[in-house]
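Everything on this sheet refers to the single structure shown next.
The values are calculated or read from the model by the stated rules, or taken from the named source; none is laboratory data. It should be emphasised that the depicted structure is a prediction, and the values quoted were computed from it without experimental measurement. For neighbour counting, all protein chains shown are included, and Cβ atoms are generated from backbone atoms with ideal geometry for every residue, glycine included. All accessible areas refer to the heavy atoms of the entire protein, side chains included, with ligands and DNA or RNA removed. Shrake-Rupley method; radii C 1.70, N 1.55, O 1.52, S 1.80 Å.
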Amino acid sequence: MRVVLAEDLFLLRDGLVRLLEAYDFEIAAAVETGPELTRALAELNPDIAVVDVRLPPSHTDEGLQCALAARRARPGLPVLVLSQHVEQLYARELLADGAGGVGYLLKDRVFDAEQFIDAVRRVAAGGTAMDPQVIQQLLTRRQADDRPLGRVTPRELEVLELMAQGRSNAAIAGQLVVTERAIAKHTSNIFAKLGLEVSDDDNRRVLAVLAYLDQDR
């Protein structure tokens, strides 16, 4: 699997290269600026881009904007964005096309190699990977005065949170140490209470939940 990596800090970029190569990813390019990222994505046709939000020369959200432009040129291009802090706007921009194949993680997650690599693989396969802190912020914002969400039980809320992170039923069942059948039942109840259409497709389900949590009240 070919990766284009964009990170301006040398030590972190070098560490990410070594980590990805240790898990049999091929580094098609490892760049440090927005213009370099734009060229690499246009010329190298990677399987996934792993991108720091803030890149030179602007040091604003240049990495994110370059990745989004590449997704517009090549719809569905998998993009995993890394950020120092949680910014809901970044997650919202990534999810705007509703196509999946996107992820948004805090840089701290890189230090958990298995979690990070799982996110890279999930996004490259067309799935979604959202940082738990992003989901927690969305849930907190919604819970204050959202009646449907208020009808969700504590256990269902656990399942909802993991689902919104991009986890499959099997992964959720493993983490909560229950059967997939139990998770399927919880999922059905959650969607009924939130008025969402049930889907057997994991990624469609994730995107529906994220859209619900992020919509304006």
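Could you check the stretch 177-188 and list, in sequence order, the residues that are surrounded by fewer than 17 Cβ atoms within 10 Å (Cβ to Cβ) and part of a helix (DSSP H, G or I)?
Within the stretch 177-188, Glu180, Arg181, Ala182, Ala184, Lys185, Ser188 meet the criteria.
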Looking at the stretch 80-126, which of its residues are out of contact with any helix residue (DSSP H, G or I) (no Cβ under 8 Å at 6 or more places or on another chain) and basic (Lys, Arg)? Arg121, Arg122
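Is it fair to say Thr179 is in contact with a Lys or Arg (Cβ under 9 Å, 6 or more places away or on another chain) and not aromatic (Phe, Trp, Tyr)? Don't jump to the end; show me each part of the working.
On the way: in contact with a Lys or Arg (Cβ under 9 Å, 6 or more places away or on another chain): no; not aromatic (Phe, Trp, Tyr): yes.
No.
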Do you know which residues across the stretch 87-106 are open to solvent by less than 10 Å² (accessible area, probe 1.4 Å), without any contact (Cβ under 8 Å) to a residue 60 or more places away in the chain and part of a loop (DSSP other than H, G, I, E, B)? Gly101
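So which residues in the stretch 205-217 are surrounded by fewer than 16 Cβ atoms within 10 Å (Cβ to Cβ) and touching a residue at least 12 places away in the same chain (Cβ under 8 Å)?
Here is the first cut: in the stretch 205-217, the ones surrounded by fewer than 16 Cβ atoms within 10 Å (Cβ to Cβ) are 211, 215-217.
Correct list: Ala211, Arg217.
Right, Leu64: surrounded by 14 or more Cβ atoms within 10 Å (Cβ to Cβ), part of a helix (DSSP H, G or I), within 17 Å of the chain's Cα centre (by Cα) and touching a residue at least 24 places away in the same chain (Cβ under 8 Å) or not? Talk me through it step by step, then tell me what you get.
Numbers: surrounded by 14 or more Cβ atoms within 10 Å (Cβ to Cβ): yes; part of a helix (DSSP H, G or I): yes; within 17 Å of the chain's Cα centre (by Cα): yes; touching a residue at least 24 places away in the same chain (Cβ under 8 Å): yes.
Answer is yes for this residue.
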